[in-house]
1. Using per-residue counts of other Cβ atoms within 10 Å, averaged over each peptide, order 272-278, 307-313 from highest down.
2. When the Karplus curve 6.51 cos²θ - 1.76 cosθ + 1.60 is applied with θ = phi - 60°, which whole-Hz ³J(HN,Hα) does each residue of segment 264-275 get, with x for Gly and Pro?
3. Two-decimal Rg/Rh of segment 154-303 from alpha-carbon positions, Kirkwood Rh?
4. Using only helices, what value at 222 nm comes out for the chain when you add -39,500 (n - 2.57) per DSSP H run of length 4 or more and divide by the total residues, to the nearest 500 deg cm²/dmol?
5. With P(r) over Cα pairs in 20 Å bins from 0, in percent defined as stated, name the option among (1) 25, 54, 17, 4, 0; (2) 21, 40, 26, 12, 1; (3) 26, 51, 22, 1 computed from the structure displayed.
6. Need the list of aspartates and glutamates near K200 for cross-linking: C-alpha distance under 13 angstrom, and skip anything on the same chain fewer than eight residues off.
7. In degrees, nearest 10, range 0 to 90: what is the angle between the Cα axis of helix 118-130 and the longest Cα principal axis of the chain?
8. Send over the Kirkwood Rh of segment 289-355, from the inverse of the averaged 1/r over different Cα pairs, rounded to one decimal Å.
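What follows is calculated from the coordinates using simple rules that are stated; it is not laboratory data. Worth saying up front: this structure is predicted, and the values here are computed from it rather than measured. A quick note on method: Cβ atoms are made from the backbone with ideal geometry, for glycine too, and the neighbour counts reach across all protein chains shown.
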Amino acid sequence: MPRLGNASICCTADTVRRGAGSGRTNMTEQTFEEVVVKGETIRLEHSNVAIDDILLDEDNPRLRYMRESAPDKPLDELIRNLADAPKLRRDIEDNGGLRERVILRPTADGKYLAAEGNRRRVAVGDLHAKNPKDERWKWMPARVLPADMAPRNLAIMLADWHVTNKVKWDAHEKAGHIYQMSKVHKIPQDDIAIVLHASKTTVKRLLDAYTFMMERFTKVDEGAYKDLAGGTWSYFDELFRSKELRQHLTDDPEFGDKFCRWVGEKRLGQPVQVRKLAKILAHAEASKVFETTAANSAFASAQRIVETQEPEEGSDFFKLLAKMRESLTSAAQVKEILRIRTDKVARKRVLETYEAMVDFMHLADVDLPAGASANDQEAA
């Protein structure tokens, strides 16, 4: 089966004269790429475009989560406030320009919309404002799309370039692009998996998680938490990675709203805590504490209850102990048993481990009566 986004690239040189005010360099040799998407050859022009003629894409699916979190703020301000924005700006400044061309779509009024490169547009714009006479920041190297390119084909092309690392995406950006391909362009998930070289399971998980964030978290309780959407993606990614929590979503129609509130209230302070949530919910007492205790201490309080009943949850030592206990009681260890019977070195290791365990038990004041098992002692 051919890839939907199979992009066969060929470049040709041509000389194009541009009139004044076109927003591009005058009389320059233009290079073109020909990209094949779903059987259609699309010609992308390489050009330097004036920074003031490049507009941010308000509908960019990979930035939509930020827009949901602060609909009244300008997009450039939201981008400028991203954690990695100063680093990106410094990198571009130190390098003396962009390493990779942005991707632009012509608009009806002679401007260009940043289909890919919004963050770089803000960074270069800031450098231009800082040094307006510096020629390096007056232009941006770009791939200019045909004005009539179908949005569906653009989505497929960008996905293909993501696979070949021409376009760098964070996890939430990849999920946002999958969301756009599926919800807006109605591309089947099987086809998206082919384009992204991803498994169908991965595509479904990312799509489900992003859909849940955009269509449930931002709307629950009349949009009470929509302003927080920009920093919550990882919570929903973790939610849909968990088999147990996905089962909760299936079994309990209210669980999804509860989870949204836990995230919105910061009852779950960090995304990694979602990985321990299933264990908490499996314990009635811990679950009750998690849902009723003050939000800032709910997770820690519930986790302590779980660790009291299951020491393995809070201790690497007890995790190793449980693994050892499982190995010692497993029928799969027949090979090791036979080896220990005849191998002196292996036998020595077992005796050393036994002695270490006995010494440790003495230090911990654990005495096992002769002839009694641990279960017998506990029952007594």
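1. Answer by packing, highest mean first, reads 272-278, 307-313.
2. x, 7, 6, 5, 9, x, 9, x, 4, 5, 4, 5
3. 1.02
4. On the way: 19 runs with 189 residues, N = 380.
One gets -14500 deg cm²/dmol as the mean residue ellipticity at 222 nm.
5. (2)
6. D190, D191, D208
7. Approximately 60 degrees, to the nearest 10.
8. Values: mean 1/r = 0.0672 Å⁻¹.
With all distinct Cα pairs of segment 289-355 included, I get 14.9 Å.
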